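Please treat every number below as a calculation from the coordinates, not as lab data. This structure is a prediction, so every number in the text was calculated from the model and none was measured. All Cβ positions, even for glycine, are placed from backbone atoms using ideal geometry, and neighbour counts span all protein chains on display.
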Amino acid sequence: MSIYILCLALFALGLYCVVRKRNVIKIIIGIGIMDYSVNLFFVLTGYRRSGRSPIFAADQAITNMVDPLPQAIVLVLIVIGLAVTLTLVAIAIRIYEKYGTFDITKINRLRG
Amino acid sequence: MQTFLMYSVFILPLACAFLIALLGKKARVAGGVIASLASAALFTISLNFAVLTISQKILICRTERWIPPYGISLVADQFSVFMMALANLITFIVSVYSVAYVRPYTDKWKYFSLLMLMAAGVNGVLVTGDLFNLFVFLEIASIAAYCMVTYTLHPESFEAAFKYAVMSTVASCFILLGIAFLYAHTSTLNMADMAAVLAAGGHSKLTLFVSVLFVMGFGMKAAAVPFHAWLPDAYTKSPATLPAMSSGVLLKVLGIYALSRVFFNVMGMTGAVSTVLTAIAVLTMVAGSLMAFGQTNMRRLFGYSSISQIGYIILGLAVGTPLALLGSVFHIFNHSVAKSLLFLNAGAVEDSYGTGDLRKISGIFCRSKLQGSSQLLGAMSICGIPPLAGFWSKAIIIFACIQAGRYAAGFIAAAVSIFTLAYYLKALTPALFGEAPDGQSGPRVALPSGAAMAALSALVLFGGVLMLPGVTSAIFNGAAAVLSDGIGYAYAVFGALR
């Protein structure tokens, strides 16, 4: 149980980082932390204590395997996370070119 | 054949996105031509599905010999087919409009590639029967949208894109966490199977917690009010087609469609969720229209008005009676068509005047009849002037609120609709009917853009015809029935497999 709570604490930490930090790069890192905590949570839902790898062969009984589906899902999620991070970093580079700063309180031309 | 067509709704635009990226650098016109042809083909395919679902109710395509709940199945029922036809129609019109609109920009192929990726994501969300697959397609469409915001290379557009990307990614994380909880509870990702398991297990605290995560996540994608901050910024400095796509397609599909699919068909609508959604809807309507009042930028005005109209759609879903759902589905159609028209027109007006500031724009009618009349038609439909369709859908939602005994919500909806008329009149009257600054006509609207705007204007003008009894029952009632069936969706899916 405690491991799930730690995982959600990691999620909350990432959210805190996104909401509170003023540096663009730190916000991107916060999003990375949130992404990873969700990935970790997915893997944990498939975990069985002392379970074995889910490979089915003719001479093996199906006992206590870990769930393979979350592992496949996490592979997809890692790729999506990579795409999102790349997009964000590319935008951050252009923001630095145009505004000369990473401080989001100074990047505020849009209002109203 | 049907299997092939169902896969092609997202494979075709994906393939076109890569094809455009390959050919676009060499052949300049390839991007626009391929994108327009592909979206026209997609619209035809979705009309074909629409005809099929009238007789068969639900179309299912399974992965090879994996029978659901195993494998990722594709499911198209009347609601998703209705949304698919609408989304592909708007995509087609936007891509025709873009052919002339993106001419001043460099690297046009990137633009059309992103447009096709967006179409792939949207169609994938609509056609999938698997909750995680829905998330993946939702991310494809969202990432394409972030990139499209920055296409104009304005400093402000990067600022807006960063805000949009961060908020939307946080929303995606909430949705994903919700999916993880649901998977841990039900051990399945197939939406129909999940609905059956959840219905058998009774209502638990977990579904309530997941509901909160989904309301936050999909609410952010739909720009409901506490989560709306990205929308006006993202609309301001992006290419004018992005707000048209976003307001016409992305908000409706990624936000409203996904929200209603998950809440009605998978988790089952409960009293608590309905109360929360009503509160959000009322807040969205009121705050959206209040914030629109002081706007001087045309696109920001329309953006806040979009937020306010999304409130009406969510209100209809929250009330949840068959009449209210019909109103919601009809309002999705009306708002998509009218708001896309307004944004496409805003792009043309900005090109003609060189600014989007309403204080500097006057006499649109003097300079161009087409721009003036399409702007007037779109605004009239959004405000709800009687012969146009916007009036009927709002009236249905308000009547449904009163019928369901939610007098306060109904009264606020009626008041907001008057307020909408007020801010549109205040903002657009001088712009439309004032004196043109130098008395001469502006640059001519290019042929593809003009044709796109004329087509949307015709849809807005004749949208009211859809209220005729026979037509409504053929189009909107089927879509609304899918939602009012609730978790009967599970039986419909598994029944169709037998």
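Odds and ends about this structure:
- Radius ratio Rg over Rh of chain B, counting only Cα atoms, Kirkwood formula for Rh: 0.95
- Given in Å, the Rg to one decimal and the Dmax to the nearest whole number for the Cα atoms of region B:365-498 are 20.2, 70.
- Legend: mean number of C-beta atoms from other chains within 10 angstrom of residue C-beta atoms, peptide B:179-187, equals 4.
- For region B:354-483, averaging the sequence separation of C-alpha pairs within contact (under 8 Å, six or more residues apart) and dividing by the residue count gives a relative contact order of 40 percent.
- q = 0.18, 0.20, 0.29 Å⁻¹: log10 I(q)/I(0) that the Debye formula gives for region A:44-89, counting C-alpha atoms only: -0.64, -0.70, -1.00
- Converting phi to 3J(HN,Hα) with the Karplus coefficients 6.51, -1.76 and 1.60 and the offset θ = phi - 60°, region B:234-250 yields 5, 7, 5, 10, 7, x, 4, 6, 5, x, 5, 5, 5, 5, x, 10, 5 Hz in sequence order, with x at every glycine or proline.
- Cleavage-rule hits, chymotrypsin sites (Phe, Trp or Tyr not before Pro), region B:92-172, DSSP coil, Cβ neighbours within 10 Å at most 16: B:TYR105
- Value at 222 nm in deg cm²/dmol, rounded to 500, when DSSP H runs of n ≥ 4 in chain B each add -39,500 (n - 2.57): -24500 deg cm²/dmol
- Spatial separation of Cα centroids for region B:48-95 and region A:31-84, in angstrom: 30 Å
- Shielding by partners - mean other protein chain Cβ count within 10 Å, residues of A:91-98: 5
- Global size of region A:1-87: 16.4, 58 Å for Rg and Dmax (C-alpha atoms, Rg to one decimal, Dmax whole).
- Within straight-line cross-link reach of A:LYS26, aspartates and glutamates at Cα separation under 12 Å, skipping those fewer than 8 residues along the same chain: A:ASP103
- Average beta carbon contacts from partner chains per residue of B:170-176, 10 Å cutoff: 6
- Length-normalised contact order of region B:332-418 in % [C-alpha pairs under 8 Å, at least 6 apart]: 25 percent
- The separation of region B:327-384 from region B:97-137, counted between C-alpha centres, amounts to 23 Å.
- Among B:166-175, B:447-456, A:94-103, the order from most to least packed when residues are scored by Cβ within 10 Å on average: B:166-175, B:447-456, A:94-103
- Gyration tensor (alpha-carbon) shape descriptor, the protein assembly as shown, a/c threshold 1.5: prolate
- From phi via Karplus (6.51, -1.76, 1.60), per-residue ³J(HN,Hα) for region B:164-180 in Hz, x at Gly/Pro: 4, 5, 5, 5, 5, 5, 4, 4, 4, 4, 5, 4, 5, 4, x, 5, 4
- Between the helical axis of A:68-99 and the longest alpha-carbon principal axis of chain A there is an angle of about 10 degrees.
- When the Cα gyration tensor is reduced to axis lengths a ≥ b ≥ c, the ratio a/c is 1.5 or higher for region B:228-306, and with a/b not above b/c it is classed as oblate.
- Region B:121-274, Cα convex hull volume normalised per residue, Å³: 89 Å³
- Sorted from longest to shortest, the spans of the Cα atoms of region B:303-359 along the three principal axes equal 47, 17, 10 Å.
- Cα gyration tensor shape for region B:85-175, rounded if a/c is under 1.5, else prolate or oblate: oblate
- Helix B:2-23 axis, angle to chain B major axis (alpha carbon atoms, nearest 10°): 40 degrees
- Of all segments of chain B bounded by GluC sites (Glu not before Pro) found in a DSSP loop with no more than 12 other C-beta atoms within 10 Å, the longest spans B:65-434.
- The listed peptides A:65-76, B:239-250, ordered by packing as a protection proxy, come out as B:239-250, A:65-76 (highest mean of other Cβ atoms within 10 Å first).
- For B:LYS57, the lysines whose Cα comes closer than 25 Å to its Cα, not counting residues fewer than 8 places off in the same chain, are B:LYS252.
- Proximal lysines to B:LYS108, defined as alpha-carbon separation beneath 23 angstrom and excluding residues fewer than eight positions away on the same chain: A:LYS98, B:LYS25, B:LYS26, B:LYS237
- Degrees separating the helix B:389-403 axis from the principal Cα axis of chain B, which is the longest one: 40 degrees
- Of the Cα atoms belonging to region B:155-203, the radius of gyration and Dmax stand at 16.6, 53 Å.
- For region B:273-313, Kirkwood radius (reciprocal of mean inverse C-alpha pair distance, Å): 10.2 Å
- Cβ-Cβ FRET estimate between B:PHE462 and A:ASN108, R0 fixed at 51 Å, reported to 0.05: 0.70
- Dividing the helix sum by the residues of chain A, where each DSSP H run of 4 or more adds -39500 (n - 2.57), gives a mean residue ellipticity at 222 nm of -23000 deg cm²/dmol.
- Here the scattering of region B:1-80 is modelled by Debye summation over its C-alpha atoms, one equal scatterer each and no solvent; at q = 0.18, 0.27 Å⁻¹ the log10 of I(q)/I(0) is -0.80, -1.22.
- Mean separation of Cα contacts under 8 Å (6+ apart) over length of chain B, as relative contact order %: 17 percent
- For region B:16-165: span of alpha carbons on each principal axis (Å, largest first): 48, 30, 25
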